Amino acid sequence: QGSPRAPLRSPAPARAREMVAFLPVMGAGRVASAKVHPVVVFNVCDSFIRRQETQDRVIGTLLGSVGPDGVVDVRNSYAVPHNEQGGQVYVDVEFHRAMAELHQKVNPKEQIVGWYSTGDGVVPTDALIHEFYAHECINPVHVTLDVTFADRTKLMRAWVGQSLALGVKSSVESLADNKAAAAARLAAKGDDKEGEEKEGEDGSAAGGGKSAGTSAPLPTAIHFQEIGLVNKFEEAERVGVNLLTAPSSDKIASEMEGLDRTVAKLSGMLEQSATYVAGVCDGKIPADAEVGRFLADCLAAVPRLTRDQFEKLFGDSIQDVLLVMYLSNVTKMQLMLAEKLQTPSLLI
């Protein structure tokens, strides 16, 4: 089965830190808001459906870009294998790095902008995962998706986190302590030499205690703040979303059915155009110069190919599509085999 995955904690026990996830607080951080594309939602739902039976939720990496106005545009995502046991989080770091490298080769403009998880809101273990992604990008965004659809007004939410050191004194308290120490030193100047030597010894001891206290690590916490989130649709994405959300579409049409509908629609448009042109030529319909220019542009865009040339071009395209399908199936089988073998991840 391979070596177990390493938890998201510091390797040395003396430097281990306690991570706490604060309760959700409304507000704005360095990131103003987030825009999520539909493909991200589909990827999250697909990874949740394909999760292992022992997992209650899934996590993954968000890819996109950050605008100059602080708006994060999340365009893609991929799931990352993980496991949560007893407050510890195990993440397959090797898989995460390999997927990030592959995505960089396909689309260099998409960078790591954060991570996602299924569920409503944040949980205490999110602090460990958010700290890990803080080393992958600057100001990571945490997006949560409630796959149970319990509250439709809060299906998808976005968060930003900030690391806080617990137990640190404020500037006012530190200034007051410095003034008290200075007053004590001035009052001790009138004492005898023995008292001064004793005071020096006490000061040395206090200085040693202060350095020891400074070297001791302070417990850390992640302060999560909720930011605005909107779903962004492009024209190509809206076609698929409308098809899935249409009441009459109980299933997605196959390739042959989709091709048949497209050809039928194209045939109807050509018949309508031919009827319009015949009416204009017969003088039954008044001529429109704008419509004529539009039809001329459409006819000019059609390539002039013979029957043999069209068959050769169509055959080459079919062979390319079959080759891509073969490679995708081989890659899918390799990923399934690697998941079954439980490949070990890098230590954090």
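The values are calculated or read from the model by the stated rules, or taken from the named source; none is laboratory data. Small disclaimer: the values here were computed from a predicted structure and weren't measured. All Cβ positions, glycine included, derive from the backbone under ideal geometry; neighbour counts span all protein chains shown. The protein model used for the area step is the full one, side chains on, heavy atoms only, and it has no ligands, DNA or RNA in it. Shrake-Rupley method; radii C 1.70, N 1.55, O 1.52, S 1.80 Å.
In the context of the full protein assembly, Lys232 retains an accessible surface of approximately 70 Å², using a probe radius of 1.4 Å and ignoring ligands and nucleic acids.
Working with all protein chains in place, sort Thr148, Thr54 by solvent-accessible area computed with a 1.4 Å probe, largest first.
Numbers: Thr148 100, Thr54 120 Å².
Order by accessible area, largest first: Thr54, Thr148.
Convex hull over the Cα atoms of the range 89-164, averaged projected area in nm²? Walk me through the numbers on the way to the answer.
Details: hull surface 24.7 nm².
The directionally averaged projection comes out at 6.2 nm².
Across Tyr116, Tyr326, Tyr90, the residue with the most accessible area heads the list, and the full order at a 1.4 Å probe is Tyr326, Tyr90, Tyr116.
For Val147, the residues whose modelled amide H falls within less than 5 Å of its own, excluding neighbours fewer than 5 places apart on the same chain, are Gly119. Legend: residues Val241, Val66, sorted from most to least accessible area (1.4 Å probe; ligands, DNA and RNA excluded), read Val66, Val241. Under 5 Å between amide hydrogens, built in the peptide plane, is the criterion, and for His37 it picks out Val74, Lys232 among residues at least 5 positions away or on other chains. Seen from Ala34, the other residues with C-beta closer than 14 Å to its C-beta sum to a net charge of +2, counting Lys and Arg as +1 and Asp and Glu as -1. Stokes-Einstein diffusion for the range 261-310 at 10 °C, viscosity 1.306 mPa s, with a Kirkwood radius from C-alpha pairs, works out to 126 µm²/s.
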